[in-house]
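> Can you keep this structure in mind? I'll have questions shortly.
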Amino acid sequence: MGDHPVTAQDAGRSLASRQPQTRPELRGWDGPWTGLRVLVTGLGVSGFAAADTLAELGARVVVVDGTDTAKTRRDAETLRLVGVQQVLLGPEHLSGLPLVDGELPEILVTSPGWRPDSALIRAARAAQIPVLSEVELAWRLGARPGARAPKWLVVTGTNGKTTTVTLLESMLIADGQRAIACGNIGVPVLDAIRDPQGYDSLAVELSSFQLEYTELLSPVASAVLNIAEDHVDWHGSFEAYRAAKAKIYENTELACVYNADQQITEDMVAEADVQEGCRAIGFTTGSPGLSMLGVVEDLLVDRAFLEDRAHQALELAGLEDFGPLAPQHLIANTLAAAALARAAGAAPEAIRAAVQGYEAGDHRIQPVAKADDVLWINDSKATNPHAAAASLRSFTDVIWIAGGLPKGVLYDELIAEVAPRLRRVILIGTDSSQLRSSLERHAPGVPVIGGRLREDESRSAVDASLADEDGARAMRAAVAEAAKALAPHHTVLMAPAAASMDQFASYAARGEAFIEAVTELMTD
């Protein structure tokens, strides 16, 4: 775009565009893929796409998945038809590396769910077999021959990735670009880059799991939305989790977008090796400084992607464009998406159009009902303390339904911050004693129901119902307890700050259980 600045605040240490250190010859559709021995771990959407693509390239492919179901058997048969050599299903295949054509694999392409300490990953690394993500495989291949080569705009963070990538896709499309949201959002990046026509831009959501197995990308722009403790059990430590997230900034071409309200993300930019001329672009829900996007009065503005940014700010949208509910975290995610879209050349009018057309996804600060001046909100997607804090900051006088699997995180900081907003807390989850303990320490004046251990003599029948492994029963009990404490202007917020798998099949199932329980309450 004509007004894109090429000077100002530099991001990190500049260097020429890098090449991968691991098997650098494996690049492009005409690379030496034919006959390459490849093991693909996982038969989900990304694993299926990887195996399918590698078979098309002529590689010798073996796929391993720990589940043996009707679906995986159907997928396995499809892959055999397109040239995959072997598909091994069931847990008995996970203890050691299978051979490909009688020899060890030359590379392993893994799905994001496979932990670094899993037996197959450890065995591959012990044998010095490179482990790549499906995302890196897509970047190494690039666009299909004859198709347009897209700009990669990549997003990670503890919370808000899907919202940001969805908004970014809308901004790019409103700008007239052919664009697609892909990556961790559901469409594998490999499927996007194999499109015969190609795309102008890819809005790529990347999880820490995907970045863990990605050596090097070369995005036009990259963003870390926020960092908080999450998936510590998977990565082994917060430092390892942070390091995986920080990979997203490496080798960025034009703009490293960071959260100016969270120093850790700016530090990650400063530590990154980026391409010559790349800039650090901040976003904030406050007033923006130079080379930042932010909020002035009721306007979202750009002070980064215009010529006279030292003296002017470019209007992108107004708070009224969001409709009746514009929580702070949504504004932050919108500004991050706008920074990436602007780096890809999108006009201000496209930013506003995307904001006006945005509809929040299910289970993310989703209004469920309003009656007697009480608002019921479903935020089941708040699966960690950082996401729950974003919800709790949006409301006062909260009856909070929380609890579930904590995933190795701590709650003290969250409770200390939000305690003044809490009027009552109801804890679901088979064991939410850690969250209850934090509440007792940091919000001693707030009534808490649930979260007691089974052996606790003061555990009541209500406590038992809230801890029931039948999630629907537990949620009905939680909603009933919330209804007993209602007063005008209260908000009943189901933002669990924990994973769902102890009582529910998924966070979506937990959200649906809340909606059903509230609906039952309203129709009684």
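> Kindly identify region 132-231 as rounded, prolate or oblate by the Cα gyration tensor criterion: order the square roots of the eigenvalues as a ≥ b ≥ c, call it rounded if a/c is under 1.5, otherwise compare a/b with b/c, prolate if a/b is larger, else oblate.
It comes out oblate by the Cα gyration axes.
> Turning to a different aspect of this structure: With θ taken as phi - 60° and the coefficients 6.51, -1.76 and 1.60, list the Karplus ³J(HN,Hα) couplings across region 298-305 in order, rounded to whole Hz; mark glycine and proline as x.
Result, rounded to whole Hz: 10, 10, 8, 10, 10, 10, 10, 10.
> Can you work out ³J(HN,Hα) from phi for every residue in region 215-222, in order, using Karplus 6.51 cos²θ - 1.76 cosθ + 1.60 and θ = phi - 60°, giving whole Hz and x for Gly and Pro?
After applying 6.51 cos²θ - 1.76 cosθ + 1.60, I find 6, 7, 10, 9, x, 5, 8, 9 Hz.
> Over the chain, average the accessible area per residue using a 1.4 Å probe and give it in Å², no decimals.
Value for the chain: 39 Å² per residue.
> Now for a separate question. Rounded if a/c is under 1.5, else prolate if a/b is larger than b/c, else oblate: which is region 291-427, with a ≥ b ≥ c the root eigenvalues of its Cα gyration tensor?
Taking the square roots of the gyration eigenvalues as a ≥ b ≥ c, region 291-427 is prolate.
> So, taking all protein chains as they sit and a 1.4 Å probe, how much accessible area belongs to Leu486, in Å² rounded to tens?
70
> Still on this structure, I have one more. Quote the charge dipole size of the chain about the Cα centre in Debye, to the nearest 20; the model charges only the Cβ of Lys and Arg (+1) and of Asp and Glu (-1).
Using only the charged Cβ atoms, the result is roughly 580 debye.
> Just to make sure I understand: if all protein chains stay in place, what is the order of Leu410, Leu172 by accessible area at 1.4 Å, largest first?
Largest accessible area first, the list is Leu410, Leu172.
> Towards the positive end of the charge dipole of the chain, with charges on Cβ (+1 Lys, Arg; -1 Asp, Glu), say which of Cys256, Val355, Asn184 has the farthest Cα.
Projecting each Cα onto the dipole axis, the largest value belongs to Asn184.
> On to the next question. Calculate, in whole percent, how much of the Cα-Cα pair population of region 88-168 lies beyond 20 Å.
52
> Quick check on the chain: helices-only [θ] at 222 nm, where DSSP H runs of length 4 and up contribute -39,500 (n - 2.57) each and the sum goes over total residues. Nearest 500, please.
So the calculated ellipticity at 222 nm is -9500 deg cm²/dmol.
> So how exposed is Asp502, as accessible area in Å² (1.4 Å probe, rounded to 10)?
30
> Would you please give the FRET efficiency between Arg473 and Ser437, computed as 1/(1 + (r/R0)^6) with r the Cβ-Cβ distance and R0 = 30 Å, to the nearest 0.05?
In this case the efficiency is close to 0.75.
> Computed over the Cα atoms of region 411-476, what is the ratio Rg over Rh, Rh following Kirkwood?
0.98
> Can I ask one more? Take the solvent-accessible surface of the protein heavy atoms, probe 1.4 Å, and return the percent of it on the chain that carbon and sulfur atoms account for.
50
> Here's another thing I want to ask about it. Which order do the peptides 37-49, 94-106 come out in when sorted by mean C-beta neighbours inside 10 angstrom, highest first?
37-49, 94-106
> Right, something else. Using the C-alpha atoms of region 334-411, what convex hull volume per residue, in cubic angstrom, is computed?
141
> Taking the full set of protein chains and a 1.4 angstrom probe, give the accessible area of Asp65 in square angstrom, rounded to the nearest 10.
20
> Something else: Of Gln86, Trp29, Ile281, which is farthest towards the positive pole of the chain's charge dipole, taken about the Cα centre with +1 and -1 on the beta-carbons of Lys, Arg and Asp, Glu respectively?
Gln86
> What shape does region 178-313 have by the C-alpha gyration tensor, where a ≥ b ≥ c are the square roots of the eigenvalues, rounded means a/c under 1.5, and otherwise prolate means a/b greater than b/c and oblate the rest?
Judged from the Cα gyration tensor, region 178-313 comes out oblate (a/c at least 1.5, b/c at or above a/b).
> Give or take rounding to whole Å, what are the principal axis extents of the alpha carbon atoms in region 356-500, in descending order?
Sorted from largest, the Cα extents of region 356-500 read 52, 30, 29 Å.
> Of Lys151, Lys370, Lys245, which has the most accessible area and how do the rest follow, probe 1.4 Å?
The ordering from most to least exposed comes out as Lys370, Lys151, Lys245.
> Quote to one decimal, in nm, the extra length available between Arg74 and Lys484 on full extension: 0.36 nm per residue of separation minus the C-alpha distance between them.
So the extension gain works out to 142.6 nm.
> Determine, at each q value in 0.06, 0.09 (inverse angstroms), the log₁₀ of I(q)/I(0) that the Debye formula gives when each Cα of the chain is one equal point scatterer.
-0.31, -0.70
The values are calculated or read from the model by the stated rules, or taken from the named source; none is laboratory data. Because the structure is predicted, anything quoted here is derived from the model rather than measured. Because the Cβ atoms are built from the backbone with ideal geometry, glycine has one as well, and the counts that use them run over all protein chains shown. The accessibility values were calculated without ligands, DNA or RNA, using every heavy atom of the protein model including side chains. Shrake-Rupley method; radii C 1.70, N 1.55, O 1.52, S 1.80 Å.
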